[in-house]
Amino acid sequence: MTARVSVVIPTFNRGATVCRAIDSVLNQTRTAAEVIIVDDGSTDGTAEQLHAKYTDRVSLHVQTNAGVSAARNTGITKSQGDWIALLDSDDEWLPDKLNQQLELIDAHTDCVLCHTDEIWIRNGVRVNQMNKHKKAGGEIFNHCLPMCAISPSSVLIKKQLLDSVGLFDESLPACEDYDLWLRICADHQVHYLDHPLLIKYGGHEDQLSRKYWGMDRFRIQALTNLLNNKNLTHHKRQKALAMLGKKTHILLKGAVKHSNDSLIDECHAILHQYDLHKPDEAPLNTAKANRDATDKQPPQPEDPAC
């Protein structure tokens, strides 16, 4: 029996690119059962544009702005398919993407998630990915810990899996995909097509990675949620704790440098809760004293990552 695929495209003020994304779905060599667009409160006329252009070819849902996670979750909740394919409204599928993924899941009945390689376009120019962004299949939990290892626009996910692990965490303003892949990959292997079936466009001002500084703040939140709520094996728990410690120490260094007292306290609270202090690290009650001493030193160039 042919798998029914529901495509979910969240969009917010991307009237200039969303039609390209939708057209790339409608032009697939193997069609989806439904295409669901969730307009997350756009103010640029996106909804009117889509109503006029696509009539009954897509299902359009308009909601008050609540963020990309809420928009994706709305689409997933309304979907009728056995499989969910996600596509961000600034990205584009290559014509045979769905066909190749469906052929893979037909051949691997144990598959619950399939993702693909991708082409990166930044400011109109194709760029090569660094090794740290290299995608993989199989048991990839450790590979998922440093940063997001699966692109949302590339995935085909069994809907039953989302019923089991939950949807995107709407409390995370960014790194919500990182959080979901960790929850999935803690218990499941994934399949991977090692050739590009997706074009990811970047460099525009409304990308979440540009909107929020210190993206590791949200990865730290995802890691603490995972450690608190997931029954991990000993090995995976130790790996997650090590990554939590590494990211929290880096964030703490930036917080001290920029005199962010509340973030200093948050970082120390995490390090204390999970016993992640380094042997030579200053105790909690001297954090601000050390910060004050640092402030007396000559000013240093700002770290753009903080």
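The values are calculated or read from the model by the stated rules, or taken from the named source; none is laboratory data. As the structure is a prediction and not an experimental result, all values here were calculated from the model. Positions of Cβ are generated from backbone atoms using ideal geometry, with glycine treated the same way; all protein chains shown enter the neighbour counts.
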(message) Step by step: first the residues of region 78-96, then only those that are out of contact with any helix residue (DSSP H, G or I) (no Cβ under 8 Å at 6 or more places or on another chain) and touching a residue at least 60 places away in the same chain (Cβ under 8 Å), then the one that is surrounded by the fewest Cβ atoms within 10 Å (Cβ to Cβ). Which residue is that?
(response) GLN80
(request) Give me the pairs, please: first residue somewhere in region 163-177 and farther than 18 Å from LEU113 by Cα, second residue anywhere and of a type in the set (Phe, Trp, Tyr), beta-carbon distance under 9 Å, and either six or more positions apart or on two chains. (result) LEU172/TYR178; LEU172/PHE218; PRO173/TYR212; PRO173/PHE218; ALA174/TYR212; ALA174/PHE218; CYS175/TYR212; CYS175/PHE218
(request) Sort through CYS111, CYS185, CYS144, CYS175 and tell me the only one that's surrounded by 17 or more Cβ atoms within 10 Å (Cβ to Cβ) and either in contact with a strand residue (DSSP E or B) (Cβ under 8 Å, 6 or more places away or on another chain) or closer than 18 Å to GLY75 by Cα (or both). (result) CYS111
(request) Would you please name the residue that is surrounded by the most Cβ atoms within 10 Å (Cβ to Cβ), looking only at residues in region 43-77 that are under 17 Å from the mean Cα position of the chain (by Cα) and of a type in the set (A, V, I, L, M, F, W, C)? (result) ALA71
(request) Return a yes/no flag: does region 201-221 have any residue that is among the small types (Gly, Ala, Ser) and at pLDDT 95 or above. (result) no
(message) Quick check on region 93-101. Is at least one of its residues farther than 16 Å from CYS185 by Cα and in contact with a Cys (Cβ under 8 Å, 6 or more places away or on another chain)?
(response) yes
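Out of the strands (runs of 3 or more DSSP E) lying entirely within region 6-110, which hold 2 or more residues that are farther than 19 Å from LEU161 by Cα and modelled with pLDDT of 95 or more?
In region 6-110, 34-40, 59-63 are the strands (runs of 3 or more DSSP E) which contain 2 or more residues that are farther than 19 Å from LEU161 by Cα and modelled with pLDDT of 95 or more.
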(request) Could you tell me whether any residue of region 23-39 is more than 20 Å from LEU98 (Cα to Cα) and either assigned by TED's automatic domain parsing to the domain that holds VAL155 or surrounded by 14 or more Cβ atoms within 10 Å (Cβ to Cβ) (or both)? (result) yes
